[in-house]
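A.B. asks: The structure's right below; bear with me while I get my questions together.
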Amino acid sequence: MESPADFLARWQYTGLFAVIFVEEAGVPLPLPGDLFIAAMGFLAHRGRAAFAPTAAVVTTATVLGAALLYLVSRHAGRPLLVRVARRLGYTAEREARLEAWLARRGATAIVLGRLVPGLRIVMTVIAGALRLRQSTFALGTLVAGLVWATLYFWIGWALGAGYERVGGAGALAAAWPAALAIVIAAALLAWRARARRARRAQP
């Protein structure tokens with residue numbers, strides 16, 4: 001399988017935009033978008049990418065892709081929310097609490113929710129199904145997309161610098177499986193924490 005770094009070395013910012021947009025629109029991908037942002041950090045360490053265009057591309061693709069899924073979720077309503085979120089322990093009581101939290105915190109809730117591993121796409125579905133104001137959702141998604149791009153870009157750059165010091169420039173190409181393992185582990189930990197909370201909440 002082609003690594004994210006190899007894919008982006010060939011397709012550059014166009015490929016990055018496509019990956020992030022498709023994932024944000026709700027289409028499952030073999031590798032998470034986090035890895036592709038980190039891969040741009042790898043390439044930036046080698047002088048083949050830069051932070052500013054990466055952040056612009058990721059943020060734009062995030063806002064546009066999430067807006068598409070938000071509109072679908074808003075149209076489909078709570079039935080879609082139930083199908084997607086019930087798998088994560090999303091009960092009727094939690095729905096009421098989350099709806100109140102979204103109404104109270106607005107864009108801040110979107111930013112925080114979208115930065116939790118494994119919750120980014122679900123948060124879009126929830127916001128659309130609960131009919132959060134579209135301008136509030138767009139603002140939260142814009143800020144979250146910029147933070148997401150910044151965080152993973154510099155993680156990728158730091159990993160690239162560390163691997164180069166330890167194993168030479170050739171180690172950069174082999175570094176992406178380790179980054180994948182980190183992302184998967186973080187998502188699993190977040191999922192297990194939600195599952196434990198859901199079990200404790202059950203009578």
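A.B. asks: What single numbered condition from (1) surrounded by fewer than 19 Cβ atoms within 10 Å (Cβ to Cβ); (2) within 15 Å of the chain's Cα centre (by Cα); (3) within 14 Å of Trp157 (Cβ to Cβ); (4) not β-branched (Val, Ile, Thr) fails to hold for Pro30?
C.D. replies: Evaluating Pro30 over (1) surrounded by fewer than 19 Cβ atoms within 10 Å (Cβ to Cβ); (2) within 15 Å of the chain's Cα centre (by Cα); (3) within 14 Å of Trp157 (Cβ to Cβ); (4) not β-branched (Val, Ile, Thr) leaves (3) as the failure.
Conditions tested, residue by residue: (1) at pLDDT below 90; (2) closer than 26 Å to Val72 by Cα; (3) of a type in the set (A, V, I, L, M).
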residue: Ser3; (1), (2), (3): yes, no, no
residue: Asp6; (1), (2), (3): yes, no, no
residue: Ala9; (1), (2), (3): yes, no, yes
residue: Thr14; (1), (2), (3): no, yes, no
residue: Phe17; (1), (2), (3): no, yes, no
residue: Phe21; (1), (2), (3): no, yes, no
residue: Glu24; (1), (2), (3): no, yes, no
residue: Leu29; (1), (2), (3): yes, yes, yes
residue: His45; (1), (2), (3): yes, no, no
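A.B. asks: In the stretch 90-133, which helices (runs of 4 or more DSSP H) lie fully inside it and hold 2 or more residues that are in contact with a helix residue (DSSP H, G or I) (Cβ under 9 Å, 6 or more places away or on another chain) and modelled with pLDDT under 80?
C.D. replies: 92-105
The values are calculated or read from the model by the stated rules, or taken from the named source; none is laboratory data. Keep in mind that this is a model prediction, so the values were computed, not measured. Methodologically, a virtual Cβ is constructed for each residue, glycine included, from the backbone with ideal geometry; neighbour enumeration extends over all protein chains shown.
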